[in-house]
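Data first, discussion second: the structure below is written as structure tokens.
The values are calculated or read from the model by the stated rules, or taken from the named source; none is laboratory data. Here the structure is a predicted model, which means the values were calculated and not measured. All Cβ positions, even for glycine, are placed from backbone atoms using ideal geometry, and neighbour counts span all protein chains on display. Protein only, heavy atoms only, side chains kept; ligands, DNA and RNA dropped before computing areas. Shrake-Rupley method; radii C 1.70, N 1.55, O 1.52, S 1.80 Å.
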Amino acid sequence: MFQLQGLDHVAIAVRDVERSAAWYQDVLGLERRHEAAWGNSPAMVGAGTTAIALFAVEGSDPNPRPGRDTLTMRHFAFRVDRANFAAARVELSRRGIHFTTEHHGIAESIYFNDPDGHELEITTYEV
């Protein structure tokens, strides 16, 4: 058997790679990675050992994000401590980014969307 080290990246399709890279850097504080090697194909942004690969969607009129009745990735989540969870709520509110919160018993989460409608989660296990 082999042993995984963790999640390397999630690949998502976006309408405007530059805009999305800037949004993830500005809103979530992710750093741009591998730009000298790949440029914007894909644009990589990340924190710690995890990254998001931002690929340009194909076509000029992309289909909308599927609903919960479709087999697809529903969201991806970033883990934070309690202090940063509280800071995220304040920062998202300050930016006018709509979010919802949910308590899962062992964790608490904030859910919101990026500019292309991908659902993101910030979660803490410090409840």
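Here are the numbers:
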item: Residue list for region 105-115, filter: open to solvent by less than 60 Å² (accessible area, probe 1.4 Å) and either of a type in the set (A, V, I, L, M, F, W, C) or within 17 Å of residue 28 (Cβ to Cβ) (or both); result: 107, 109, 110, 111, 112, 114, 115
item: Long-range neighbours under 8 Å by Cβ, at least six apart or interchain, first residue on the phi < 0 side of the Ramachandran plot within region 1-17, second surrounded by 12 or more Cβ atoms within 10 Å (Cβ to Cβ) and acidic (Asp, Glu); result: 12/116; 13/116; 14/114; 14/116; 15/116
item: Complete set of residues in region 53-104 that are without any contact (Cβ under 8 Å) to a residue 24 or more places away in the chain, in a loop (DSSP other than H, G, I, E, B) and surrounded by 11 or more Cβ atoms within 10 Å (Cβ to Cβ); result: 66, 99
item: Every residue from region 55-70 that is of a type in the set (Ser, Thr, Tyr) and closer than 21 Å to residue 42 by Cβ; result: 60
item: For residue 26: the one exception among (1) in contact (Cβ under 8 Å) with a residue 40 or more places away in the chain; (2) within 13 Å of the chain's Cα centre (by Cα); result: (1)
item: Search result, residues across region 1-31 that are aliphatic (A, V, I, L, M) and closer than 16 Å to residue 119 by Cα; result: 10, 11, 12, 13, 14, 21, 27, 28
item: Condition broken by residue 50, with the remaining ones in (1) hydroxyl-bearing (Ser, Thr, Tyr); (2) surrounded by 13 or more Cβ atoms within 10 Å (Cβ to Cβ); (3) under 15 Å from residue 113 (Cα atoms) satisfied; result: (3)
item: Evaluation of residue 19 against (1) in contact with a Pro (Cβ under 9 Å, 6 or more places away or on another chain); (2) in a strand (DSSP E or B) (one fails), failing number; result: (2)
item: Hey, residue 91 closer than 23 Å to residue 16 by Cβ, at pLDDT 95 or above and acidic (Asp, Glu) or not; result: yes
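Residues are listed down the side, and each one gets a yes or a no for (1) modelled with pLDDT of 95 or more; (2) in contact with a Phe, Trp or Tyr (Cβ under 7 Å, 6 or more places away or on another chain):
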| site | (1), (2) |
| --- | --- |
| 42 | yes, yes |
| 56 | yes, no |
| 65 | no, no |
| 68 | no, no |
| 74 | no, no |
| 85 | yes, no |
